[in-house]
Amino acid sequence: MIEESNVKLVTSIPGPKSIEILEERKKYVADGVSVSTDIAIAEAKGALIKDVDGNVFLDFAAGIGVQNVGHCDPEIVEEIKKQTELFIHPSYNVVTYESYGALAKKLTEITVGDYEKKVMFANSGAEAVENAIKIARTYTKKTGVLSATGSFHGRTNMTMSITSKYKPYKNGFGPFAPETYKFDFPYSYRAPLGVSEEEYADECINRLKTMLKTTLSPDMIACLIIEPLQGEGGFVVPSAKYMRELQKVCNENNIVFIVDEIQAGFARTGKMFAHEHYGIEPDIITMSKSIAAGVPLSAVVAKKEIMDSACVGGIGGTYSGSPLGCVAALKVIEKIEKENLCEKSLKLGGYIMERLNEMKEKYTVIGDVRGLGAMVGLEFVKDRSTKEPAADLVKSIIKKCYENGVIFLNAGILGNVIRFLPPLVMTDEQVKYGMDVLEESIKECI
Ligand SMILES: Cc1ncc(COP(=O)(O)O)c(C=O)c1O
């Protein structure tokens, strides 16, 4: 049990036990599996991680956006424990268990759209995206896939093909899936000089419309996929108008509109799903990460007629919709609703934004502060007028924070963004501590 309520460092970082465990990692585990810290975890609770040497860290990574409800929430742990004593894996393709259907029903209820929906489960975010694309293709009898510049959708063949950042995600891993095309996402902070945010977003939509009339045709495009707030791409927020225009383009051209809520969903942005900020109604939504507080689970929620176009046996898989994931997810959603985690996300994000905007006034290396709720990005530049990205500075600030007990991750197509994904249960004292450490680290690194 973690007794501490905040950061406590008792050895040098990493401590001796962590070093020993990391030695094994280096020797036996693939170098291609990356790691942001060099500590080994002993336990986690809420927004804290304790390592094997007894050091306690404050976690702004939350298992890469998985622990919105906080690490090891006792009620969720209890649900998982109870389930393990009953059955762990009979496979939903062999026998039916109630929690799968109950969770499917709940997801149709908590997503926008007053029409019949159906749900399927998978294990990872990438798998949900793969399935969403398969379903859109069989429904439309078309094959092309449109994805946004700057997007990230996973590491499988299709999902890396529609992902933007070449290195590391595509590096040496080709050939890529055919018939995937890019449309422009309005990265407002990096809009062409003198062009307003709105003009830039309009221009991106116009380019998409032109592309559909020239190099492509709506007759060949099955679906368009977009993150409601770009995650790995640098926590970039599009405008509501842009998102609504995208939906219009899709509706007018029989293109299935897929919104990838894998990183932004489950109260992260102050709404259950981030696309609720824009007044849009996706045809398909992909979900994962915080859905089940760390039990591997992902979901595809689609309009009924779209979902049911997939033939029997064509979607799913051995582990899809694990009972442990389903019971955990039902509890996660109950907690988000009962404990007003959407409100907590807004309050936590509001405080983080306020502190970051104050820092922006003081430190010229901060180019942009942006986000929705508690999904916040801080972009660093070498020079505010040229906006030259400061990726090395981000690396050193993150390292300094970590050495002082606060874990942050970077993001961004240019690697120059610090992302904030705190568990939404992070206390006022903890978030203040984290922001203080961040500010001190910025001062020391510039
Ligand atoms: C928006 C988005 N889509 C898809 C994925 C892929 O999820 P996974 O790593 O579980 O395959 C991620 C992971 O970061 C993501 O952020």
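The values are calculated or read from the model by the stated rules, or taken from the named source; none is laboratory data. Owing to the predicted nature of the structure, the values given are computational and were not obtained by experimental measurement. Note: ideal-geometry Cβ built from the backbone for every residue, glycine included; neighbour counts use all protein chains shown. The accessibility values were calculated without ligands, DNA or RNA, using every heavy atom of the protein model including side chains. Shrake-Rupley method; radii C 1.70, N 1.55, O 1.52, S 1.80 Å.
Here the mean projected area of the convex hull built on the C-alpha positions of region 324-384 is 5.3 nm². Apply 1/(1 + (r/R0)^6) to the Cβ-Cβ distance of Asp308 and Asn251, taking R0 = 22 Å, and write down the FRET efficiency to the nearest 0.05. After rounding to 0.05, the efficiency reads 0.65. Taking the accessible area of the chain, probe 1.4 Å, and keeping the other protein chains in place, the carbon and sulfur fraction comes to 53%.
In terms of Cα atoms, the Rg and Dmax of the chain work out to 21.6, 63 Å.
Using Cα-only point scatterers and the Debye equation, what is log10 of I(q)/I(0) for region 261-348 at each q in 0.12, 0.16, 0.18, 0.24 Å⁻¹, rounded to two decimals? Result of the Debye calculation: -0.42, -0.71, -0.87, -1.25.
The charge dipole of the chain, taken about the Cα centre with unit charges on the Cβ atoms of Lys, Arg (+1) and Asp, Glu (-1), comes to about 940 debye, rounded to the nearest 20.
Arrange the peptides 135-145, 185-195 so that the one whose residues have, on average, the most other Cβ atoms within 10 Å appears first.
135-145, 185-195
As a calculated quantity, the FRET efficiency between Ser385 and Asp219 at R0 = 45 Å, using C-beta atoms, amounts to about 0.50. When you count the other C-beta atoms within 10 angstrom of each residue and take the mean per peptide, 289-295, 366-372, 4-10 line up highest first as 289-295, 366-372, 4-10. The packing ranking, built from the mean of other Cβ atoms within 10 Å per residue, places the peptides 155-163, 233-241, 336-344 in the order 233-241, 155-163, 336-344, highest first. The Cβ shell under 9 Å around Gly125 holds other residues with a net charge of -1, Lys and Arg each +1, Asp and Glu each -1.
FRET efficiency for Glu444 and Val35, Cβ-Cβ distance as r, R0 = 22 Å, nearest 0.05? E between Glu444 and Val35, to the nearest 0.05, is 0.40. When its C-alpha radius of gyration is set against 2.2 N^0.38 Å (N residues), region 214-264 gives a value of 1.23. Between the alpha-carbon centres of region 334-409 and region 161-179 there is a gap of 28 Å.
Each Lys and Arg contributes +1 and each Asp and Glu -1, all at the Cβ; summed about the Cα centre of region 1-100, the dipole is approximately 200 debye.
Where the alpha-carbon atoms of region 1-156 are placed on the principal axes, they occupy 59, 39, 31 Å, in descending order. Mean-square fluctuation check for the chain, GNM, Cα pairs under 10 Å: which of Leu146, Leu297, Leu22 is largest? Per the Cα network of the chain with a 10 Å cutoff, Leu22 tops the list. Each listed q (0.20, 0.22, 0.25 Å⁻¹) maps to a log10 I(q)/I(0) for region 86-170 from the Debye sum over equal C-alpha point scatterers, namely -1.07, -1.13, -1.21. Both radii were evaluated on the Cα set of region 332-446; the Rg over Rh quotient, with Rh as the Kirkwood radius, amounts to 0.99. Can you give the Kirkwood hydrodynamic radius of region 31-113 from its Cα pairs, in Å with one decimal? After inverting the pairwise mean of 1/r, the radius is 16.0 Å. A simple spin-label model places pseudo-atoms 7 Å from Cα toward Cβ; at Glu116 and Ile21 they are separated by 5.0 nm. The length gained on full extension between Glu358 and Leu86, counted as 0.36 nm times the residue separation minus their Cα-Cα distance, comes to 92.7 nm. Ordered from longest to shortest, the equivalent ellipsoid semi-axes for region 193-295 are 25, 18, 11 Å, each the square root of 5 times a Cα gyration tensor eigenvalue. Taking 0.36 nm per residue of sequence separation and removing the Cα-Cα distance, the Ser396/Ile2 pair yields an extension gain of 139.0 nm.
For a straight C-alpha distance cut-off of 13 angstrom, the aspartates and glutamates reachable from Lys335 (same-chain residues fewer than eight places away being disregarded) are Asp73, Glu75, Glu79, Glu343. Over region 177-254, accessible surface divided per residue gives 45 Å², non-protein components excluded, 1.4 Å probe.
Here is the P(r) of region 173-213: all C-alpha pair distances, binned every 5 Å from 0, give 5, 22, 22, 17, 14, 10, 8, 3 in whole percents.
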